[in-house]
1. Please specify each residue of segment 90-106 satisfying the condition of being surrounded by fewer than 16 Cβ atoms within 10 Å (Cβ to Cβ) and either assigned to a helix (DSSP H, G or I) or within 21 Å of the chain's Cα centre (by Cα) (or both).
2. Of all the residues that make up segment 180-217, how many are on the phi < 0 side of the Ramachandran plot and out of contact with any helix residue (DSSP H, G or I) (no Cβ under 8 Å at 6 or more places or on another chain)?
3. Looking at (1) farther than 22 Å from Thr257 by Cβ; (2) open to solvent by 10 Å² or more (accessible area, probe 1.4 Å); (3) not in a strand (DSSP E or B), which is the only condition Ala63 fails?
4. Only one of these is assigned to a loop (DSSP other than H, G, I, E, B), in contact (Cβ under 8 Å) with a residue 60 or more places away in the chain and in contact with a helix residue (DSSP H, G or I) (Cβ under 6 Å, 6 or more places away or on another chain): Ala288, Ala236, Ala275. Name it.
5. Name the residue, out of Val9, Val15, Val87, Val58, that is within 18 Å of Ser221 (Cα to Cα) and either open to solvent by less than 60 Å² (accessible area, probe 1.4 Å) or in a strand (DSSP E or B) (or both).
6. If I go through segment 114-149 residue by residue, how many of them are among the basic types (Lys, Arg), part of a helix (DSSP H, G or I) and either touching a residue at least 12 places away in the same chain (Cβ under 8 Å) or closer than 25 Å to Lys96 by Cα (or both)?
7. Please go through segment 27-40 and give me each residue that is in contact (Cβ under 8 Å) with a residue 24 or more places away in the chain, assigned to a loop (DSSP other than H, G, I, E, B) and either on the phi > 0 side of the Ramachandran plot or open to solvent by less than 60 Å² (accessible area, probe 1.4 Å) (or both), ordered by number.
8. Which residues, taken from segment 283-310, are surrounded by 20 or more Cβ atoms within 10 Å (Cβ to Cβ) and closer than 16 Å to Thr241 by Cα?
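The values are calculated or read from the model by the stated rules, or taken from the named source; none is laboratory data. This structure is a prediction, so every number in the text was calculated from the model and none was measured. Cβ atoms come from the backbone with ideal geometry, glycine included; neighbour counts cover every protein chain shown. All accessible areas refer to the heavy atoms of the entire protein, side chains included, with ligands and DNA or RNA removed. Shrake-Rupley method; radii C 1.70, N 1.55, O 1.52, S 1.80 Å.
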Amino acid sequence: MHNPVTVEVTRGNLVESRHRGMAVVVDGDGGILFSAGDIEGGVFPRSACKAMQALPLVESGAADAYGFGNRELAFACASHSGEDAHVERAASMLAKAGRDAGTLECGAHWSSDQKTIIHQARTLQKPTALHNNCSGKHSGFVCTCVHTGMETEGYVGYDHPLQAEIRATMESLTGTALGHDNCGTDGCSIPNYAVPLKGLAHGFARMATGQGLETERAKASRRLIDACMAEPFYVAGTGRTCTRLMEIAPGQIFAKTGAEGVFVAALPEQGIAMAVKCEDGATRAAEAMIAALLARYFENDSPQQQTLLGMANRSIKNWNGIHVGDIRVTTRL
C-alpha cells in the first residue's frame, strides 16, 4: 500500500520536498474516526509510548511511596531537552530511591536543542546520564525496581522482569502480540516493539478514557495523562512541540513525540486519540500532521484551532528573516 503525501515543503512557488505518511484517529472502543495510509503496518512508536511504559511506576505503588506528584509523573513520560530543571528532577527522583546517576543505563548525550546545548557546553565538561532525554523514564524504571525489590542492574534488558511487565502492559493496551520478532532496541537501550499505528492510537484512547481497562489501570493511565497535561514543560521543554501543543489548550490536549517521525496525541474530554508516522522519519512532517489532526477536533475558527493550524502550516524563513517557502499539510489531512 502506498502511503499518501501528507506534507509538502515549498520553496518559492514550487514544491521542493514531499513527505508520505500514515495517520489515524480512534475512540476508546477502537472505532476509526479518520485514517490515511497503512494504519495496520508495524511501526516502532519509539518515545511516543513512554506513558505506557510508565504505568508500572504508578501501578506498583512506587510513585506514591516516593511522594511523586505531577512533575515527576510527567517526567517519567518525557523526552526532555536536558535543561537544568530536567536534570535536577531526574536526580531528585533517583535520590528518593537511594540511587544516583550511576544506576541509569540509558547512556549520556548532549541536548538536541540548540539553546540548551550551548548552555551545556558552557557549564559542563561532558553530559551524564541525567542529561539523556530519557533520564526521566529511566529514573521511573529504577524507582519501580527498587520499590518492588527487582534487581536494578540490567533493567533495560529484554528478559528483565520490569521489561517483561512493560511488554505485557503494551500488549494489553495495543492489542498486539509482542516478542522478539517485532522487537528492536531503542536509543536508550530498552526494548521497543513495532505495533500497528491503529493499535498505538487505540492504546492511548483507552488510557485517556479508561474504556476496556480494569479500574486500577484506568486510574493509573488517567493519572499519567493528566500529569503530562498539567506539567507539559517536564514532558519536553522550552519551545518543544509537545509542550507547545499541550499549552494551546491546557488540560485538553495530551501529546507525545517519538523518534523517526512518530507522534501521538489524545483529547480525553472528547474520548479520542490519534497517531501519525511520517514514512521517511522526518520530525517536521510528523509535527505538522499531528497539529492538523488535532485542529479537526476544535471549534471552527477558535483560537485553539487557529493556533494548531498555524503549527500545521507554517512559513520557512532563511537566516536573514526572508520568507522562502512553507511547510504545509495536504488535503489528505
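1. Ser92, Ala95, Gly102
2. 12
3. (2)
4. Values: Ala288 fails: assigned to a loop (DSSP other than H, G, I, E, B); Ala275 fails: assigned to a loop (DSSP other than H, G, I, E, B).
On inspection, the qualifying residue turns out to be Ala236.
5. Numbers: Val9 fails: within 18 Å of Ser221 (Cα to Cα); Val15 fails: within 18 Å of Ser221 (Cα to Cα); Val87 fails: within 18 Å of Ser221 (Cα to Cα).
On inspection, the qualifying residue turns out to be Val58.
6. Of the residues in segment 114-149, 2 are among the basic types (Lys, Arg), part of a helix (DSSP H, G or I) and either touching a residue at least 12 places away in the same chain (Cβ under 8 Å) or closer than 25 Å to Lys96 by Cα (or both).
7. Restricting attention to segment 27-40, the residues satisfying the condition of being in contact (Cβ under 8 Å) with a residue 24 or more places away in the chain are 27-30, 32-40.
Filter once more, keeping what is assigned to a loop (DSSP other than H, G, I, E, B): 28-30, 37-40.
Those that are in contact (Cβ under 8 Å) with a residue 24 or more places away in the chain, assigned to a loop (DSSP other than H, G, I, E, B) and either on the phi > 0 side of the Ramachandran plot or open to solvent by less than 60 Å² (accessible area, probe 1.4 Å) (or both): Gly28, Gly30, Gly37, Asp38, Ile39.
8. Looking only at segment 283-310, we keep the residues that are surrounded by 20 or more Cβ atoms within 10 Å (Cβ to Cβ), and these are 285-295, 297-298, 308.
Listed by number, the residues that qualify are Ala285, Ala286, Glu287, Ala288, Met289, Ile290, Ala291, Ala292, Leu293, Leu294, Ala295, Leu308.
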